Amino acid sequence: MKSVRLFLLTLATPLLGAEEVKRPNIVFCFADDWGRYASCYAQIDGRPSLNQVIKTPNIDRMASEGALFRHAFVTAPSCTPCRSSLLSGQYFFRTHLGAILNGAKWDAAIPSYPLLLRDAGYHIGKSFKVWSPGTPADAPYGGQKYAYQKSGGRFNNFSENATAMVKAGATFAAAKAELLGEVRGNFQAFLDDRKGTQPFCYWFGPTLTHRAYEKHSGVALWKIDPDALKGKLPAFLPDVPEVRADVADYMGESQAWDAGVGVLIAELERRGELDNTIFVISGDHGMPGVPRGKCNLVDHGTNVALIVRGPGIKAGRTIDDFVNLMDLAPTFLEIGGVAPPSVMTGRSIVPLLKSVQAGQVDATRTWVITGRERHVGSAREGNLPYPHRALRTKSFLYIRNFAPDRWPMGSPRFTSRADLPAFAQIEQSTYAVFADMDASPTKAWVVHHFDDPQYKWIYDLSFGQRPGEELYDLAQDPDQINNVAALPAYATVRKQMSDQLLGTLKEVGDPRVGPSPVKFELPPFTQPGK
């Protein structure tokens, strides 16, 4: 515990006495499907990007007053396994039924950091989404006992509710203020419930960046011009009006998310608590409803924002170390003076936060492993998963697809244009086709151009079957489009990364490569209707 105490002496202000320090509060802002979209990232993208258009002043402030992580990744680009991993501090595939979305159930034998902090004297609570589905609801956060949202939950559907209020005669400023007032009321109720100067741990988890959004709300509410996105989309997103408008709507929800974060910052400042609070901002995976985003192991699906501000953290640093979000559980525990359980495979980032160095701080943090098994149960016949794992380094991304005969985004459900579902059906129903990609205008546009010579390659890249191995040279191919795994020039790199990936998976007990390598194809993971 000596290292914990030294960290607290560095970060906690003021000291309570010669033998005791005040433990920092922890506020974790975690948006559903947010990805890595904030204007503070524009300066490090190194090329045209959506971050040159989006405006996130509150998130940017936390980055300028704290540390911005360039290489933060989720363990799984699907909400439930990602959150299971984050709460448990372990790889998603070690969380039993928490490793899948449909049919998920939390195993109470797995320690979760919020309950461990509660047992150590922290006041804990959450607003909106933490972990789902499963019973009892939000079990790893102690159930609904710790939920604070009596002031309302309309912020979760910001664009829909704000649009309805504007149509009813309100100004957007008034509608926005009313919805943010619910965020403030929930947070105030949580803070008012603590005992005296008890340290607190709060999870703010709105779902507004999850599909669906009010169509054209990006321009109508936030004045985001879709044409400002021209030339800034990744190469695998068609740079056409329909897609730019859809992305603008997503960016509008991201700006609303930033406004919600600002409410929490302001309330902490009003109470004099901000400077003794570890304030963390992130999201559970990449952009939903678009090619190569959510449910994919390329960066567009797994690389997320991570910003940490707090006492003793040198401001204005960009950190290049590779961080997996499962690292946050042992980090929060160490900050709270609790020894992380030995079962946790995550590594605390406290040393990175304590350092005054920018760039690469820890020479060993040069890679992460990500993966996925099953998202939507009915995406493939027999509720089969799409098992794949990936190793990401600074220079390369290697992906192992364990069942290349299966469809990565789910079964096509059509064979020709004659039986292709209508555009509106694909736009509105995730299950119309390729059920592992959320319904959206972008999805509908790409599917309806499946036989267009100009865009067929995007359709094939997004929905087509994939080879057993993929390798992307990031210096030459930052959008990760050109698979070079079969090229002789990359044979050595491919083998090295394959060996490292499979060797590490075996070390950490991944059942996909263990003595029962078909575990996720068997009950209870593939029970009918799950």
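The values are calculated or read from the model by the stated rules, or taken from the named source; none is laboratory data. Bear in mind that the values here come from a model prediction, so they are computed numbers and not experimental data. No Cβ is skipped: glycine too gets one built from the backbone with ideal geometry, and neighbour counts run over all protein chains shown.
Inside the range 482-501, can you point out the residues that are surrounded by fewer than 15 Cβ atoms within 10 Å (Cβ to Cβ), closer than 13 Å to residue 468 by Cβ and polar (S, T, N, Q)?
Quick first cut of the range 482-501, residues surrounded by fewer than 15 Cβ atoms within 10 Å (Cβ to Cβ) only: 482, 486-489, 491-492, 495-496, 499.
Checking which are closer than 13 Å to residue 468 by Cβ leaves us with 486.
Within the range 482-501, none qualify.
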Completion exercise
Of the conditions (1) farther than 26 Å from residue 501 by Cβ; (2) touching a Leu at 6+ places or on another chain (Cβ under 7 Å), the single one that residue 417 does not satisfy is (2)
Completion exercise
Sole miss for residue 42 among (1) at pLDDT 95 or above; (2) of a type outside the set (Val, Ile, Thr); (3) not assigned by TED's automatic domain parsing to the domain that holds residue 335 is condition (3)
Problem - Any pair with Cβ under 7 angstrom, 6 or more apart, that starts in the range 263-279 at a residue that is outside the structural domain of residue 66 (by TED's automatic domain parsing) and ends at one that is acidic (Asp, Glu) and in a helix (DSSP H, G or I) - result: none
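Table: residues versus (1) closer than 21 Å to residue 279 by Cα; (2) more than 14 Å from the chain's Cα centre (by Cα); (3) in the same structural domain as residue 320 (by TED's automatic domain parsing).
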residue: 46; (1), (2), (3): no, yes, yes
residue: 57; (1), (2), (3): yes, yes, yes
residue: 64; (1), (2), (3): yes, yes, yes
residue: 82; (1), (2), (3): yes, no, yes
residue: 96; (1), (2), (3): no, yes, yes
Fill in the blank from the handout: Of the residues in the range 60-72, those that are aliphatic (A, V, I, L, M) and within 13 Å of residue 43 (Cβ to Cβ) number 2
Problem - First in the range 392-414 and surrounded by fewer than 18 Cβ atoms within 10 Å (Cβ to Cβ), second anywhere and assigned to a loop (DSSP other than H, G, I, E, B) and at pLDDT below 95, Cβ under 7 Å, 6 or more apart - result: 411/380
Practice task
Determine if the range 379-387 includes at least one residue that is out of contact with any Cys (no Cβ under 8 Å at 6 or more places or on another chain), in the same structural domain as residue 84 (by TED's automatic domain parsing) and either among the polar types (S, T, N, Q) or part of a loop (DSSP other than H, G, I, E, B) (or both).
Solution key: no
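Could you check, for the range 405-423, whether at least one of its residues is polar (S, T, N, Q), modelled with pLDDT under 95, under 25 Å from residue 102 (Cα atoms) and over 24 Å from the mean Cα position of the chain (by Cα)?
Yes.
Here's the yes/no breakdown for (1) more than 27 Å from residue 357 (Cβ to Cβ); (2) in contact with a strand residue (DSSP E or B) (Cβ under 6 Å, 6 or more places away or on another chain); (3) free of Cβ contacts under 8 Å to residues at least 60 places away in the same chain; (4) of a type in the set (Lys, Arg):
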{"site": "30", "(1), (2), (3), (4)": "no, yes, no, no"}
{"site": "50", "(1), (2), (3), (4)": "yes, no, no, no"}
{"site": "62", "(1), (2), (3), (4)": "no, yes, no, no"}
{"site": "70", "(1), (2), (3), (4)": "no, yes, no, yes"}
{"site": "73", "(1), (2), (3), (4)": "no, yes, no, no"}
{"site": "80", "(1), (2), (3), (4)": "yes, no, yes, no"}
{"site": "86", "(1), (2), (3), (4)": "no, no, no, no"}
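Scan the range 377-396 for residues that are closer than 24 Å to residue 72 by Cα and either touching a helix residue (DSSP H, G or I) at 6+ places or on another chain (Cβ under 7 Å) or acidic (Asp, Glu) (or both) and jot them down.
If we filter the range 377-396 for residues that are closer than 24 Å to residue 72 by Cα, which is where we start, we get 386-396.
Selection gives 387, 389, 391, 396.
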Practice task
Go through (1) surrounded by 13 or more Cβ atoms within 10 Å (Cβ to Cβ); (2) within 28 Å of residue 98 (Cβ to Cβ) one by one and return the number of the condition residue 515 breaks.
Solution key: (1)
Problem - Evaluation of residue 434 against (1) buried (at least 22 other Cβ atoms within 10 Å of the Cβ); (2) farther than 27 Å from residue 483 by Cα (one fails), failing number - result: (2)
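Among the residues of the range 170-199, which ones are of a type in the set (Ser, Thr, Tyr) and touching a residue at least 24 places away in the same chain (Cβ under 8 Å)? Spell out the reasoning first.
Of the residues in the range 170-199, the ones of a type in the set (Ser, Thr, Tyr) are 171, 197.
Passing the criteria: only 197.
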Handout entry: Count - residues of the range 351-379 that are over 20 Å from the mean Cα position of the chain (by Cα), buried (at least 21 other Cβ atoms within 10 Å of the Cβ) and over 30 Å from residue 310 (Cβ atoms)
Key = 2
Problem - Among the candidates 215, 223, 167, 230, residue that is closer than 21 Å to residue 293 by Cβ, of a type in the set (Lys, Arg) and either free of Cβ contacts under 8 Å to residues at least 40 places away in the same chain or surrounded by 20 or more Cβ atoms within 10 Å (Cβ to Cβ) (or both) - result: 230
Completion exercise
Okay, helices (runs of 4 or more DSSP H) sitting entirely in the range 147-257 with 3 or more residues that are farther than 22 Å from residue 447 by Cα and touching a Lys or Arg at 6+ places or on another chain (Cβ under 9 Å), I get 158-167, 172-192
Exercise for the section: Note down all Cβ pairs under 6 Å where the first residue falls in the range 312-339 and is in the same structural domain as residue 83 (by TED's automatic domain parsing) and assigned to a helix (DSSP H, G or I), the second is at pLDDT below 95 and surrounded by fewer than 23 Cβ atoms within 10 Å (Cβ to Cβ), and they're at least six residues apart or on different chains. Expected result: 334/4
Problem - Filter pass, residue 506 being within 23 Å of residue 100 (Cα to Cα), in the same structural domain as residue 388 (by TED's automatic domain parsing) and among the basic types (Lys, Arg) - result: yes
